[in-house]
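In what follows, a structure is listed as structure tokens, so that the remarks can point back to it.
The values are calculated or read from the model by the stated rules, or taken from the named source; none is laboratory data. The shown structure was predicted, so the numbers you read here are calculated from the model rather than taken from an experiment. Note that each Cβ is placed from the backbone with ideal geometry, even for glycine, and that neighbours are counted across all protein chains shown.
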Amino acid sequence: MHCGINVQVENGRLTKITGDKSHPVGRGKICPKGTAALEMIYHRDRILTPLKRMQNGKFEPIPYDRAIAEIADKISKIKDELGARSVGAWTGEALGFLQQEEYARRFIHALGSPNYFSADSVCYAARHIAYHLVQGYYPACEDYSDSNVILIWGANLDITHPPFMQEVLKGRQKGAKIVVIDPRKTKTERYAEMAVRIIPGTDGALVWGLINHLIQEDAYDADFVRQYTVGFDDFRAYAKKFDTAYVSRETGVSIDTIRQLAELIAANVPGISQYVGISLEHQVNGVNVIRAMVSLGNICGSADIPGGSPWPEYPNVRSLALYDHLPLSDFQPIGADRFPLLYQFRKQCSSLAAMDYMLGKGNYPLRGCIISGANPVLTNPNAAKVKQALSSLDLLVVKDLFITETAKLAHYIIPAASFLERSELHYYPYKHLAALSRKVIEFKGIRNEYDFWKDLADELGFGMRYFPWPDETAVNQWILEGSGIDFKALEKSTQGIEYAPLRRRKFESIPFPTPSGRIELTSDVTLFRDLPSLPEYIPPRHHPCGKRNLFLLATGARSPFYYHSRYRNIVRFKRRNPDPVVEINAMDAERLSISNDEKVRIVSKTGELMLSAKILKADEVLPGILQVGHGWDQGNVNLLTDDTDVDPISGFPNLKHVVVRLEKIQPESIMSG
Ligand SMILES: Nc1nc2c(c(=O)[nH]1)N[C@H]1C(S)=C(S)[C@@H](COP(=O)(O)OP(=O)(O)OC[C@H]3O[C@@H](n4cnc5c(=O)[nH]c(N)nc54)[C@H](O)[C@@H]3O)O[C@H]1N2
Ligand SMILES: Nc1nc2c(c(=O)[nH]1)N[C@H]1C(S)=C(S)[C@@H](COP(=O)(O)OP(=O)(O)OC[C@H]3O[C@@H](n4cnc5c(=O)[nH]c(N)nc54)[C@H](O)[C@@H]3O)O[C@H]1N2
Ligand SMILES: [Mo]
């Protein structure tokens, strides 16, 4: 979350990490994972030398230079035989979404391949597309501290985004009402005025119901809508379908609660802010549901006002990516045919489609892949297929701190440098701040991300042209050149530098950054193939909810101690959170005579998994819903998720309403009981 931290280094070794009270993000608070970075960085399992998988399947150490030479050689072979696009690069959540990922994008384009993948195929890109379609920007952190009502949709900010939660709590202190919409009780709910338990996958119906109420009651901001939006007539006509009775049937939320929520919003227009969590992206209707949510905020008139949804301005910095010079769009970026918006808006190839290309089911073969900072065997849907696809490659390189489930499939494992072993630029667009994090330690022989891509590029003969900078400091200076942000000042500043003053109500003087220059309640379909002009709600195909032993499985609710598959090797965390469990409502457990800690089997269309049951109180989760966290190597929930059940616009997988059967391990005991 880019929280400000202070690190103490003694004789070249980190000794302490504390929150930096002067830093505008986090203000000195850090989560358990912040201090645990020490244990992660000096962990005895950390890989300190490159490894090569031998014919007998065992990994042997190999000198770094030799590893780079062999990898470059294999890349060249694939390129000569099949073309550069048969090689891809993939970066994960551990590297963030700016500078570090741009090295990989730059490298793969310089090689001549359009195929860059990242965790973006399952995170963030869907909301990026949705927000940009409606208003042309993504606010990240809405102006919670000055809001009247804060709607938190399918997110657990208290655990997942502590800096944003601080803003929410500031708002609450000033009287803001917090509403949490979630099928389960969360830590964030402690602060909520209203907790709305919703059937996963049905948020779209609730949003439209709220929109309908606001319009029917004339409680929306009609002046703003008239002056600054397009498509309102169609939007209003469509909203009429969502009467309270229908919405209640669809979402499982009572008519009273829907009314109460609608009235709360109506009474507090325009000071409405929202947080749209990952759960919305992991629905098969994700982009459109989020478009509807963004539209709800906009008809309230909350765009770019204090207490609403700010329109951030970005610094005018240089991009390391080569899309302007080497677009390579004619080379069929993987997934761009099926999910053109994913490519158009985020320049992302679909990592789900990549698996098909690896398995020979794409338009051309993908035979080589370099993965850094990701662990897709545990984090991408349909884990069995991911494993099979990655194992089938001619070249798989994994750069990581540890031998992960993904690294085990690699031909070469390259040791990674952690975030404290690099220097990089950070931007906080909602605060208009730029900051520089410093390299504070070094492990002999371990190359950071920039050095690694540069080394490979040098070996392949395009280093001089595309990676000319001797080190990351030179890269940082180049990125900032001409931006007005002074590198020297940034180096000295611990709190970041404001790159532009915060301004509000910019739409009064400049058009919104959409094709029409207005908020687009409907999108111009001719621009976007396959996109309904209205953000329509398509009910998820199944509502089994508690019928016999059929359930909807939501996956991936975050734990405070883990970050996806990371930190599982931190002993004190493992002790508190030792095993994956399946959460189940007490009434369902009783109905199926399942007791706490009992091992049960979960079966989906894709696979099956045995886990211990954790029974939640009847009011802590809706009946008919199961929840399992992701990132466990033993008990990988992505064995159950389906890579073909996707949002047709973003290509994102359904990870939040997977239909499953729950079975007792000995079925005869159910029959006799
Ligand atoms: N500690 C920790 N923090 C993290 C991460 C981590 O792994 N660990 N990961 C980071 C990343 S990459 C991300 S993307 C964010 C995610 O952060 P958030 O968006 O806050 O996601 P979660 O914490 O998983 O919370 C999702 C909530 O949605 C609920 N939910 C499930 N299905 C539905 C549904 O259909 N509708 C609604 N309304 N709710 C639903 C779940 O019960 C759960 O409580 O967290 C980031 N922060
Ligand atoms: N079922 C289900 N699956 C999900 C989700 C869900 O909710 N449900 N959430 C999805 C989401 S939102 C996301 S963002 C993805 C995340 O998916 P991934 O990006 O695959 O995330 P991680 O498991 O955190 O993998 C990060 C890897 O990088 C390594 N690493 C740590 N620091 C560094 C570094 O500095 N350099 C390098 N090179 N490596 C480093 C870690 O050891 C770890 O192996 O998971 C997705 N998967
Ligand atoms: Mo994510």
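Quick look at the values:
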| read-out | value |
| --- | --- |
| Unique match (being of a type in the set (Ser, Thr, Tyr), in contact with a strand residue (DSSP E or B) (Cβ under 8 Å, 6 or more places away or on another chain) and within 16 Å of ligand 2 (Cβ to nearest atom)) among Thr186, Thr160 | Thr186 |
| Tabulated pairs, the stretch 290-309, first touching a residue at least 60 places away in the same chain (Cβ under 8 Å), second surrounded by fewer than 24 Cβ atoms within 10 Å (Cβ to Cβ) and of a type in the set (Asp, Glu), C-beta under 7 angstrom, 6+ apart or interchain | Ile299/Asp221; Cys300/Asp221; Gly301/Asp221; Pro306/Asp143; Pro306/Asp146; Gly307/Asp143; Gly307/Asp146; Gly308/Asp143 |
| Criterion: within 16 Å of ligand 1 (Cβ to nearest atom), among the small types (Gly, Ala, Ser) and either assigned by TED's automatic domain parsing to the domain that holds Glu250 or in a loop (DSSP other than H, G, I, E, B) (or both) - qualifying residue of Ser595, Ser650 | Ser650 |
| The stretch 401-436: number of residues that are outside any loop (DSSP other than H, G, I, E, B) and within 23 Å of Trp90 (Cα to Cα) | 14 |
| Residue in the stretch 615-637 that is small (Gly, Ala, Ser) and farther than 30 Å from His43 by Cα present | yes |
| Cβ pairs under 6 Å, 6+ apart, first in the stretch 270-288 and over 15 Å from Ile178 (Cβ atoms), second within 12 Å of ligand 2 (Cβ to nearest atom) and among the hydrophobic types (A, V, I, L, M, F, W, C) | Glu281/Ala126; Glu281/Phe652; His282/Leu655; Gly286/Ala126; Gly286/Leu280; Gly286/Phe652; Val287/Ala126 |
| Failed criterion for Lys408 (all others in (1) of a type in the set (Lys, Arg); (2) in contact with a strand residue (DSSP E or B) (Cβ under 8 Å, 6 or more places away or on another chain); (3) within 23 Å of Ala67 (Cβ to Cβ) hold) | (2) |
| Which listed residue, of Ile497, Ile519, is crowded, with 17+ Cβ neighbours inside 10 Å, in contact with a strand residue (DSSP E or B) (Cβ under 7 Å, 6 or more places away or on another chain) and farther than 30 Å from Asn298 by Cβ | Ile497 |
| Residue ID - surrounded by the most Cβ atoms within 10 Å (Cβ to Cβ), chosen from residues in the stretch 380-400 that are in contact (Cβ under 8 Å) with a residue 40 or more places away in the chain and assigned to a helix (DSSP H, G or I) | Val386 |
| Residue identified as at negative phi and either surrounded by 23 or more Cβ atoms within 10 Å (Cβ to Cβ) or within 16 Å of ligand 3 (Cβ to nearest atom) (or both) among Leu322, Leu366 | Leu366 |
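Okay, residues lined up against (1) basic (Lys, Arg); (2) within 16 Å of ligand 3 (Cβ to nearest atom); (3) closer than 30 Å to Ile519 by Cβ:
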{"residue": "Gly92", "(1), (2), (3)": "no, yes, no"}
{"residue": "Pro114", "(1), (2), (3)": "no, no, no"}
{"residue": "Phe117", "(1), (2), (3)": "no, yes, no"}
{"residue": "Ala125", "(1), (2), (3)": "no, yes, yes"}
{"residue": "His128", "(1), (2), (3)": "no, yes, yes"}
{"residue": "Pro162", "(1), (2), (3)": "no, yes, no"}
{"residue": "Val179", "(1), (2), (3)": "no, no, yes"}
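Listed here are the residues, each with its yes/no results for (1) more than 16 Å from ligand 2 (Cβ to nearest atom); (2) at pLDDT 95 or above; (3) among the β-branched types (Val, Ile, Thr).
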residue: Phe117; (1), (2), (3): no, yes, no
residue: Tyr124; (1), (2), (3): no, yes, no
residue: Gln135; (1), (2), (3): yes, yes, no
residue: Pro139; (1), (2), (3): yes, no, no
residue: Ser145; (1), (2), (3): yes, yes, no
residue: Ala155; (1), (2), (3): no, yes, no
residue: Lys170; (1), (2), (3): yes, yes, no
